[in-house]
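Each value in this text was obtained by applying a stated rule to the coordinates, not by laboratory testing. Please read all numbers here as calculations on a predicted model, not as lab measurements. In this analysis, Cβ positions are derived from the backbone assuming ideal geometry, glycine residues included, and neighbour counts consider all displayed protein chains.
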Amino acid sequence: MVEHRKEQAKAKQQHRSPKGGSEKNKRVSEKNASHQRREGSMFLSETKVPKTQKDVALRPIRRPEPSTNLGGAFGEDSVSLEAESADLSERESSGSFAAAQPEHDWVFGVHAVKAFLDTRAEEAEEVILPEQAQRTHADLIHKAQESGVLVRYRPRSFLDRLLPQCNHQGVALRRRRFVYASFDAILAEPPEGALLLLVGIQDPGNVGAILRSARAFGVRAILLSQRDTCPINQAVYKASVGAIESLQITQIRKPIEAIAALKDAGWWVLGLAPGGRLLAQFDLCRPLVFVLGAEGAGLKPSIQKHCDALLGIPMGVGWDSLNVSVSGGIALYEWQRQCQEKIALDSKT
């Protein structure tokens, strides 16, 4: 009897275990399936590839033609400026910025822009001012409106991108490319006053400072050696503080040939070089051309031997060097001083 009951209990237990195991396995399977679905959905969401879109960055940037609308309206469409900014950025990234020639020149800085609007407003295309124009810009706005020049307001970052490494002060003016005067036209004029010939001066700050001194002392024209002297660019405009606008500036290809032509036209060619005759001991009251040489190296020997005379500036013991723009300013001061003294003596007699 006892054995019979044990066999019945054992059979009953064997009959229940498959069902219980099946239900347990079923619950585990459902749990695993649910977990796999969740994991699977997360995996798919992380690796889902978005729909293909057109890459707008690969489209060529087409630069619009310069605007001919010089109306004084504010808030006009800025497509041309944005395109130029994008074009400049693209050239900078490709390494071709230095070689590229812009369609327009930029004059930047408050004083340089003021001087340009005062003297050559007809050549201005537009003026860029800060978004929150200060009272100090009120006269610029007035000058631009009076001349019919378009005014645009842009954040400072816009000019930082367009004119990198330039102290633009948030103010810039876009003008047509600088037009040099004709060397033949300068030669055709009667030889009077003074000219400046710059050979090998490559720092735009020095060129701009020399132009500023030239304007202050009444120089008639500036001659730039095209091969090795910094041309008129934005940095030169800034350094000259507007002096460019009232000067005749020309480029010459061969300085030695230009010197010969100037001599034939009646000009005295005087080179500034260490060891030359002292400025104050030379009669500067004549039609003359001061020739200034490169930073550091000075005036080339090949240029020196074609000068009528070499002139020097007296300096203290143990020092024989001056910045080229400073030397030019001293020479022009001495020329102006001698001419003023001669005029004063002539008036007394």
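Rounded to the nearest 0.05, the FRET efficiency derived from the C-beta distance between Ala260 and Ser147 at R0 = 35 Å is 0.25.
Non-local lysine pairs in segment 183-348, meaning eight or more places apart or on different chains, with alpha-carbon distances under 20 Å, amount to 5. With a cut-off of 15 Å between beta carbons, the residues surrounding Gln169 carry a summed charge of +2, where Lys and Arg count +1 and Asp and Glu -1.
With a Förster radius of 22 Å, plug the Cβ-Cβ distance of Ala280 and Ser302 into 1/(1 + (r/R0)^6) and report the FRET value to the nearest 0.05. The calculated FRET efficiency here is 0.20. Under a 5 Å amide H cut-off, with hydrogens placed 1.01 Å from N, Asp228 pairs with Gly200 among residues at least 5 apart or on other chains.
Computed from backbone phi, the HN-Hα couplings of segment 179-195 come to 10, 6, 6, 8, 5, 4, 5, 5, 5, 6, 6, x, x, 9, x, 9, 10 Hz, rounded to whole numbers (Karplus: 6.51 cos²θ - 1.76 cosθ + 1.60, θ = phi - 60°; Gly and Pro given as x). Under conditions of 20 °C and 1.002 mPa s, segment 183-348 yields 134 µm² s⁻¹ as its translational diffusion coefficient, taking Rh as the Kirkwood radius over Cα pairs in the Stokes-Einstein equation.
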